[in-house]
1. Using only alpha carbon pairs under 8 Å that are at least six residues apart, calculate the relative contact order of the chain and give it in whole percent.
2. Can you list the trypsin sites (Lys or Arg not before Pro) in region 1-74 that are in a DSSP coil and have 14 or fewer other beta carbons within 10 angstrom?
3. Explain nothing, just compute: Karplus ³J(HN,Hα) = 6.51 cos²θ - 1.76 cosθ + 1.60, θ = phi - 60°, for every residue of region 67-74 in order, whole Hz, x for Gly and Pro.
4. How much of the calculated P(r) for the chain lies past 28 Å, in percent of all Cα pairs?
5. Roughly how many percent of the accessible protein surface of region 113-216 is carbon and sulfur, given a 1.4 Å probe and a whole-percent answer?
6. Using the Karplus curve 6.51 cos²θ - 1.76 cosθ + 1.60 with θ = phi - 60°, what ³J(HN,Hα) values do you get for each residue of region 10-19, in whole Hz, with x for Gly and Pro?
7. Among DSSP beta bridges lying fully in the chain, give the percent that are antiparallel, nearest 5.
8. With every protein chain present, what accessible area does residue 119 have (1.4 Å probe, heavy atoms only), rounded to the nearest 10 Å²?
Amino acid sequence: MNPTITAFKSSPDRGKGLARDMRVRWALEEVGQAYDVRLVTFAEMREPAHLALHPFGQIPTYEDGDLVLFESGAILFHIAERHAGLLPADANARARAVTWMFAALSTVEPPIVERSMATIVERDKSWYEERLPVLEGRVRDRLGQLSNRLGDADWLDGAFSAGDLMMVSVMQRLAGSGLVEEYPNLAAYIARAEARPAYRRAFDAQYAVFVAASGG
Ligand code: GTB
């Protein structure tokens with residue numbers, strides 16, 4: 001039996017691959033694990049059947065036999081632990097890769113999401129023009145630090161790992177903002193990750209959902 005993940009039946013990002021099922025799809029593609037997808041509407045996400053899988057009524061979830069997981073970080077970590085390809089064999093290198101996963105989720109993603117949410121829900125507020133530069137400053141702080149650490153390397157710590165997958169995923173939400181382009185090594189890092197065949201397969205699979213939902 002393949003694991004089953006959930007994803008938006010109709011993603012608000014209109015096929016751009018920004019919803020968090022994308023990082024799970026990408027991880028599964030990287031390790032060569034086939035998977036099934038159950039598409040859910042916003043209404044279905046509030047129903048008891050989905051809340052039994054995800055207490056906060058969100059996507060993605062992950063089901064494999066008796067195991068039910070939510071939180072993209074926990075799901076990615078589980079996939080990376082169970083399969084070769086996303087975490088190094090060496091114990092210390094493995095711990096560092098996990099550290100980058102946490103850094104992506106706890107240190108880099110929050111200011112990016114805060115900025116993104118402001119552009120969606122605060123655009124018509126009186127404070128928006130004043131607040132946006134503050135939020136973008138916080139994003140720039142993190143991108144600058146990450147850029148300094150990455151330097152000329154291809155990946156954050158040796159070979160591509162779950163840490164890179166998560167870090168690239170969180171930065172993708174800045175697409176169209178122009179912020180990543182201020183750090184050419186980060187822009188190249190994201191492009192390098194997006195050129196991976198596993199990423200392309202994952203992207204195409206979620207894009208096919210958008211095409212189908214739009215009647216294409
Ligand atoms: N911490 C959780 C995780 O990492 O799994 C967060 C999960 C989460 O935020 N899920 C979102 C969700 O289910 C979808 S991915 N939202 C519905 C709800 O809360 O009711 C976040 C997302 C949504 C849309 C875009 N977009 O349109 O660009 C990007 C990202």
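1. Working: 270 pairs, mean separation 59.5, N = 216.
Normalised by residue count, the contact order of the chain is 28 percent.
2. Working: sites: 9, 14, 16, 20, 23, 25, 38, 46; in loops: 9, 14, 16, 20, 46.
Qualifying residues, ordered by number: 14, 46.
3. With the stated coefficients, region 67-74 comes to 8, 10, 10, 9, 6, 4, x, 5 Hz.
4. Values: 6891 of 23220 pairs.
Of all Cα-Cα pairs in the chain, 30 percent lie more than 28 Å apart.
5. Details: 2750 of 5370 Å².
After summing per-atom areas, the C and S share lands at 51 percent.
6. Computed from phi, the couplings for region 10-19 are 9, 6, x, 7, 6, x, 7, x, 9, 6 Hz.
7. Bridges in the chain are about 55 percent antiparallel.
8. Ignoring ligands and nucleic acids, residue 119 comes out at about 30 Å².
The values are calculated or read from the model by the stated rules, or taken from the named source; none is laboratory data. These numbers were taken from a predicted model, which means no experiment stands behind them. Heads up, the Cβs are rebuilt from the backbone with ideal geometry, glycines too, and the neighbour counts pull from every protein chain shown. The area values use the complete protein model at the heavy-atom level, side chains included, leaving out ligands, DNA and RNA. Shrake-Rupley method; radii C 1.70, N 1.55, O 1.52, S 1.80 Å.
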